[in-house]
Amino acid sequence: MSKGSSGPTPGYLVWRLANKWRVAVDRALAPLGLTHAQYALLASLYGMRRTGERPSQRRLADVTGMEALYVSKLARALESAGLIDRARDPRDPRAVQLALTERGQDITRRAIAVVQVLLEQLLEPLGGLDAERTSAFTETLATLLDVPLDPSLSDDESTQGTT
């Protein structure tokens, strides 16, 4: 809640919605043995593969908005599960390229179908996935995500006055 406001702040609502959707996706994907984070990585990799790209872990981190270290951890787990292959980039021996295995492609296609059904349910209050309100909501979220974080704020400055 903000000072002078009788209702929840936008930040609180975004946080609650993100958590609600993450839990919903986690539950929906559990039968496939995936978490929401793993799905985000696999679905992004699937889409990039369709355009002929075999991204590095760094590139996938940039696309998903995840930390590079977290992408590396997820990639190792997904490799152990037989869903992706990790290989050194021939152009840059420091970089690791990722690709879906046959099994990874199959699981990802199934996961995408599950998440599409879930999105229809979650977006029904706005009229469904193809509704005008959903398009406006998506544009608003994209606008907010495009705003860069202010790197000049240190941890000390960003937490002043919150205790």
Query raised in the report: Would you say Leu123 is open to solvent by less than 30 Å² (accessible area, probe 1.4 Å) and touching a residue at least 24 places away in the same chain (Cβ under 8 Å)?
Result: no
Requested in this report: Sort out which residues of the stretch 87-110 are free of Cβ contacts under 8 Å to residues at least 24 places away in the same chain and either closer than 16 Å to Gln38 by Cα or hydrophobic (A, V, I, L, M, F, W, C) (or both), and write them in order of number.
Outcome: Ala87, Thr101, Arg103, Asp106
Query raised in the report: Got a number for residues in the stretch 77-113 being acidic (Asp, Glu) and loosely packed, with under 12 Cβ neighbours inside 10 Å?
Result: 2
**Report entry** Where a residue in the stretch 32-54 is closer than 13 Å to Ile107 by Cα and its partner, wherever it lies, is acidic (Asp, Glu), with Cβ under 7 Å and at least six apart
**Finding:** Thr35/Asp26
Query raised in the report: If you scan the stretch 57-77, which residues turn out to be farther than 12 Å from Ala40 by Cα and either in contact (Cβ under 8 Å) with a residue 40 or more places away in the chain or among the hydrophobic types (A, V, I, L, M, F, W, C) (or both)?
Result: Gln57, Ala68, Leu69, Ala77
Requested in this report: Would you mind stating whether Arg22 is in contact with a His (Cβ under 9 Å, 6 or more places away or on another chain) and not hydrophobic (A, V, I, L, M, F, W, C)?
Outcome: yes
Query raised in the report: Based on what the data block shows, is Val71 open to solvent by less than 50 Å² (accessible area, probe 1.4 Å), in contact with a Leu (Cβ under 6 Å, 6 or more places away or on another chain) and within 24 Å of Leu29 (Cβ to Cβ)?
Result: yes
**Report entry** Subset of the stretch 45-68 that is polar (S, T, N, Q) and open to solvent by 30 Å² or more (accessible area, probe 1.4 Å) - its residue that is nearest to Val25 (Cα to Cα)
**Finding:** Thr64
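The values are calculated or read from the model by the stated rules, or taken from the named source; none is laboratory data. Because the structure is a prediction, the values reported are computed rather than measured. Cβ atoms come from the backbone with ideal geometry, glycine included; neighbour counts cover every protein chain shown. Surface areas here come from the heavy atoms of the whole protein model, side chains and all, with no ligands, DNA or RNA. Shrake-Rupley method; radii C 1.70, N 1.55, O 1.52, S 1.80 Å.
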